[in-house]
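Structure first, commentary second.
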């Protein structure tokens, strides 16, 4: 009991603002032992149709650096905004359903990757970043339930959840196509699973079974189509024929990226570059500049203004805002940016990631040449976004840092 009380004290400051510190006491705990120290409520999981216990987990313990949980088809910004409004309503119900999280990374990394509920997680991160709280949840926290089903079924539940959202935010055919392709690649449709395929055939009431034994790669096209159709039907997908036709005729790769939003890039920056310079970035309530910060670079003190960009090239007013801050208002000696390439810009393959990053750099260079000082932007940081990039470097690093120079310095 003393341990639990001491742990709870870490979350309650005199001002009532939630705080969290990963202490040695936490690190010694098992995952459920840790979760049992958190505020709890009873809930229902509509995806699995079961009763659950939900725990108020600090938002800072969520991680999107996990290929099992990352929304690799991008995020619907309107849905994040809608979830945020719902969670903030003082007279509303706040967060009605907890997100689901993997628990297997708590012991080694002290983090919880979302299994599903990515939009709710990002809404909670945005609420926390602006200093607010979810109406019915402790400050700095989000309601979660641990994923305790077979690991081989998590993609099935992810697709099911994506197709059970409000109609205007339903998963697209592309989302479902990529998800079912991942299930096929993982071998989930190679063996009969009553959860994925359902117990009874909806047409004649008989138990469903494979007509041809074997893996998807080895059976005939009719059996492939039958398995895909049955699995998609069980997951609540409506446009099954379109997806099946596309899967059977598809020979290329679709872009599968680890998209980063502004708050995720902020956390990555704080954990790498910010750690090196002993600084911490805070994203403001509105899009644009964060609070300027000071660094010591080669013995000289500089004021830096930071932008986090997750939009297409030239699709925002960042150039004008950066020019205003540096060359007109004189609030910054340098402008730095973290840039994540939106998956919608890539088409079918991540091989174009570097080319698209170069477009961002060229856009910034045009802004630099457009002013008398020949400088608007000074540094661009790009997070790793493909599986190959992430495997080639440390979990928290940036795949590229580009330092701009004046034209005359390059000649």
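Note on residue 78 and residue 107: the extension gain reaches 7.0 nm, defined as 0.36 nm multiplied by sequence separation minus the Cα-Cα distance. Applying 1/(1 + (r/R0)^6) with r as the Cβ-Cβ distance of residue 185 and residue 355 and R0 = 35 angstrom yields a FRET efficiency of 0.85. Full extension of the chain between residue 362 and residue 329 gives 9.4 nm of extra length, using 0.36 nm per residue less the Cα-Cα distance. Taking label positions 7 Å along the Cα-Cβ direction at both residue 401 and residue 300, the computed distance is 1.7 nm, reported to one decimal. Would you please classify the overall shape of segment 166-249 from the alpha carbon gyration tensor, given that a ≥ b ≥ c denote the square roots of the eigenvalues, rounded means a/c under 1.5, and beyond that prolate means a/b larger than b/c while oblate covers the rest? Note, shape of segment 166-249 comes out oblate.
The length gained by stretching the chain between residue 194 and residue 393 to full extension, at 0.36 nm per residue less their Cα-Cα distance, is 67.7 nm.
In this label model, residue 218 and residue 33 are separated by 4.5 nm, measuring between points 7 Å along each Cα→Cβ vector.
Legend: calculated FRET efficiency, residue 23 to residue 246, from the Cβ-Cβ distance at R0 = 35 Å, rounded to 0.05, equals 0.10. Working from label points 7 Å from Cα in the Cα-to-Cβ sense, the residue 49 to residue 278 distance is 5.9 nm.
Each value in this text was obtained by applying a stated rule to the coordinates, not by laboratory testing. Because the structure is a prediction, the values reported are computed rather than measured. Neighbour counts run over all protein chains shown; Cβ positions are idealised from the backbone, glycine included.
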